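To start, the structure itself, in structure tokens.
The values are calculated or read from the model by the stated rules, or taken from the named source; none is laboratory data. For clarity, every value in this text was computed on a predicted model and none was experimentally measured. No Cβ is skipped: glycine too gets one built from the backbone with ideal geometry, and neighbour counts run over all protein chains shown.
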């Protein structure tokens, strides 16, 4: 098509869109001369161009409209009828333009009807009401102009020609490939005046650019993959540079695709205005965040859903003014559209203050359509019932009005939004209104995805939907539990439904859920877990649309080519979410409600342990809190003196103690576990430090070997628990003896109550080292027996979790007995929480210390008993 | 036989599938390739053989044997690349034959007793010396019912 013509059509369409919006604004604000002048100028330009290009039909229409607009400027009141006729003229012009574009010529016909209307309105009331604008031009200053002042005519002209803010300032909209011909008039000046340097580019060019960049990203990924496998490669540095440049290029090209969402909203004010007329309602439309940018492709796809929701709301959601007044609402209905960026997505909120959703009717319809049984429907909350409006074929409009269309309901809106990988959710309060929240990805093309493994097959899960990754294990923070037959994941304090990806895809996978990887995913307001066999890494992938033969599979949203060239499917979290039937959801809801205070005793006794190897391949462990420091020293620094190994450490000689015959290394790195007490340090020699883990410490097999307390299962392996107290004196014989032996102070006495021999063994030396005389008993009963025997202690330290009588009860009992009412009682527990501390205080505990917090214990003792060596 | 000026020849790319010889109009054939590293698509219709990466494009493989109700023979399937509505497909075949130039006038209607599935995608047959050549309509071959997959 002729370039000039093509450009004319494009620009005129744009101008007409602006005129549409401006006319509606003008109608609401008829005294705004700025808007009026803007509209006038646009119509004037259109008329001029039509004449220039030899388009008589359009020229006549534009001319008639311009005349009427001119009359407005002269003071003719802009009645509703007049505006409606002008809007109708705009529509007619658009139709002609469309035909022009198709056939390269104006369609046959005359617009006598519209022109007659326009002329009639223009001629009516020639004698205009006094208008200040007209009066102004005839005003005379009455004195000569002073220097610097500008004559009135010039002011007027400048006023008229000042560019007004366009609703779509971004001129990077595609269409014609060349710059505008210089024959264009005011609009051209405006563009250069505004200073915005921009050019027009065709859609195709941008699309091609985008494709090229995508290919570049893929190729870069391929190269990265290859270089990753070769550790030392001279390609690394330039590839890094290439990678950065590619990322920037990608970002730059993405920007060109971005358009403000206001473009989709442009027509809304006009639509609402027409609807108000047709339906006899009063509606105020509020648009917020029109400048929020999103990908052009996404924009195209949400235009229709939003328009549909707008019509729905105006038609069914909002009540007539009289109904509203009866309900105590302001007669004018309110619709609000807001758009903003959040967390890598665009959020579009659509809300009205109308009737809200009719829960009863939706429920009835869902039951009648067989979507849910009556019994199950009873168990659902209102919010869950509202979700049914998105079910296919669902419209509940009682009458099919021409406004909202035939049964095209929210289900179509939902599927449109699905197509772009978005989600929609609804909240409604009967009588107050409804609000829809749409979340759509920022861009369709390149996304970050998590690559997972299911039975040897790889799949991608969009990173944006992934909340966290957990590994299910018994007794851990994350456990698999069962409700009836469904497996759910306990994630901290929530229960999440689980979907086994292998089962969903009909692949034979591992049956065992324990130890499996779970991708915690969030879609809309739903959070759930996807069970996979393995997790690889995150990769930036180019989303390629699914083959039309595969598009209907709800579990997949697209496919992609990975860095290594293989094709993998992209899992659609929406699709997975939908696989959860309502029964699972309600079952879980019941389970959650029946979950009052299930004290998680299971979590109580996990301890931080340091795992290591010394002298054999069997793992050994020691409570981490006992260790001061982990070190690794050069074995050549170890000196032998007086038959003992030692090393110079922080300005002092530190003895090394081996646990086995193996002894110290001669060369290389020697790992050490360093224990310090005040100024002195000693180190335990180990072969290899393995890991630091959290696990239950449950010594199952006691040991007769000195230095070993027993064996426990730690992380699935039988582990020797080392008795540190045995080794410490080997370094310094007097480790547990008081440093200062010249001063004989009265030793304070401590009663230690703990039902675990391990802890008693461990704490006794610690307390003795701090200078206390310790008596240790294994139960509260024994402790009370001691008191009965008139034994006196300065302070009692007690465990909380004991069988029979627990620490709280013991404290209360001690308080009650006058013999020891004044004796402070300190509690030791692996569970510390504000509630428990409170409880302790009420029971009369002087302090509450975490188990294994040696420093804390010593400090507490000092405070309570008043003495003791500083730890 | 009429003179050359009146004779119209159709060129076909021929291939064997399940023991039967088929011909595809040459202008519909993009290329012939050996599918490598096929990704299976779970939940897809059984007529879809999988997806592959061919020079950067994702190609959907169509299991011709399955589509035509035949049993595939031969170990490594080749594929004939075709395009429809901007998408790339690979029709899986047992072996590739030669390009044949056949007299358009010799194209006959499908025999009445031809299997329904074959008749649905074929536009006619050529009676060659030793066998029948079935001419395939690419568009009809690719008219796979996608919704069958989304069960």
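What helices (runs of 4 or more DSSP H) lie completely within the range A:752-871 and have 1 or more residues being surrounded by fewer than 22 Cβ atoms within 10 Å (Cβ to Cβ) and over 47 Å from the mean Cα position of the chain (by Cα)? Don't jump to the end; show me each part of the working.
On the way: elements: A:757-769, A:780-788, A:807-816, A:834-843, A:854-865.
In the range A:752-871, A:757-769, A:780-788, A:807-816, A:854-865 are the helices (runs of 4 or more DSSP H) which contain 1 or more residues that are surrounded by fewer than 22 Cβ atoms within 10 Å (Cβ to Cβ) and over 47 Å from the mean Cα position of the chain (by Cα).
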How about the range A:564-576: which of its residues are touching a strand residue (DSSP E or B) at 6+ places or on another chain (Cβ under 8 Å), at the interface with another protein chain (Cβ under 10 Å from one of its Cβ atoms) and assigned to a loop (DSSP other than H, G, I, E, B)? A:565, A:566
Restrict the check to the range B:56-77 and report whether at least one residue is at pLDDT 90 or above, surrounded by fewer than 20 Cβ atoms within 10 Å (Cβ to Cβ) and closer than 29 Å to residue A:219 by Cα. no
Filter the range A:658-688 down to the residues that are modelled with pLDDT under 75 and outside any loop (DSSP other than H, G, I, E, B), then identify the one that is surrounded by the most Cβ atoms within 10 Å (Cβ to Cβ). A:677
Within the range A:551-563, residues touching a strand residue (DSSP E or B) at 6+ places or on another chain (Cβ under 7 Å) and either under 16 Å from residue A:225 (Cα atoms) or within 9 Å of chain B (Cβ to nearest Cβ) (or both) come out as A:555, A:556, A:559, A:560, A:561, A:562, A:563
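Considering only residues that are in a strand (DSSP E or B) and either within 11 Å of another protein chain (Cβ to nearest Cβ) or closer than 20 Å to residue A:577 by Cα (or both), which ones fall in the range A:536-550?
Residues of the range A:536-550 that are in a strand (DSSP E or B), as a first pass: A:536-542, A:544.
Within the range A:536-550, A:542, A:544 meet the criteria.
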Got at least one residue in the range A:577-585 being assigned to a helix (DSSP H, G or I), within 14 Å of another protein chain (Cβ to nearest Cβ) and modelled with pLDDT under 85? yes
Scan the range A:495-530 for residues that are without any contact (Cβ under 8 Å) to a residue 40 or more places away in the chain and either more than 14 Å from chain B (Cβ to nearest Cβ) or touching a strand residue (DSSP E or B) at 6+ places or on another chain (Cβ under 9 Å) (or both) and jot them down. A:496, A:498, A:500, A:503, A:511, A:512
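In the range B:27-46, which residue that is touching a helix residue (DSSP H, G or I) at 6+ places or on another chain (Cβ under 7 Å) and more than 8 Å from every other protein chain (Cβ to nearest Cβ) is modelled with the highest pLDDT?
Initially, the range B:27-46 is screened for residues touching a helix residue (DSSP H, G or I) at 6+ places or on another chain (Cβ under 7 Å), giving B:28, B:45-46.
Filter again for more than 8 Å from every other protein chain (Cβ to nearest Cβ), leaving B:28, B:46.
Numbers: B:28: 92, B:46: 89.
Ranking the candidates gives B:28 first.
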Those residues that are buried (at least 18 other Cβ atoms within 10 Å of the Cβ), closer than 18 Å to residue B:89 by Cα and at pLDDT below 80, I need them from the range A:550-576; list them, please. A:552
Would you mind telling me which numbered condition in (1) in contact (Cβ under 8 Å) with a residue 24 or more places away in the chain; (2) surrounded by 14 or more Cβ atoms within 10 Å (Cβ to Cβ); (3) within 24 Å of residue A:447 (Cβ to Cβ) residue A:239 fails? (1)
Scanning the range A:335-357 residue by residue, the ones that are surrounded by fewer than 16 Cβ atoms within 10 Å (Cβ to Cβ) and not in a strand (DSSP E or B) total 2
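Just to be sure before I move on: is residue A:252 over 30 Å from residue A:91 (Cβ atoms) and surrounded by fewer than 16 Cβ atoms within 10 Å (Cβ to Cβ) in the structure I sent?
Values: over 30 Å from residue A:91 (Cβ atoms): yes; surrounded by fewer than 16 Cβ atoms within 10 Å (Cβ to Cβ): yes.
Criteria met by residue A:252.
If you take just the strands (runs of 3 or more DSSP E) that sit entirely in the range B:47-124, which of them hold at least 2 residues that are within 14 Å of chain A (Cβ to nearest Cβ) and closer than 30 Å to residue A:569 by Cα? Give the steps one after another, and end with the answer.
Details: elements: B:48-54, B:57-63, B:78-84, B:87-93, B:95-103.
Qualifying strands (runs of 3 or more DSSP E): B:48-54, B:57-63, B:78-84, B:87-93.
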For the range B:14-40, name all the residues that are touching a strand residue (DSSP E or B) at 6+ places or on another chain (Cβ under 9 Å) and on the phi > 0 side of the Ramachandran plot. B:37
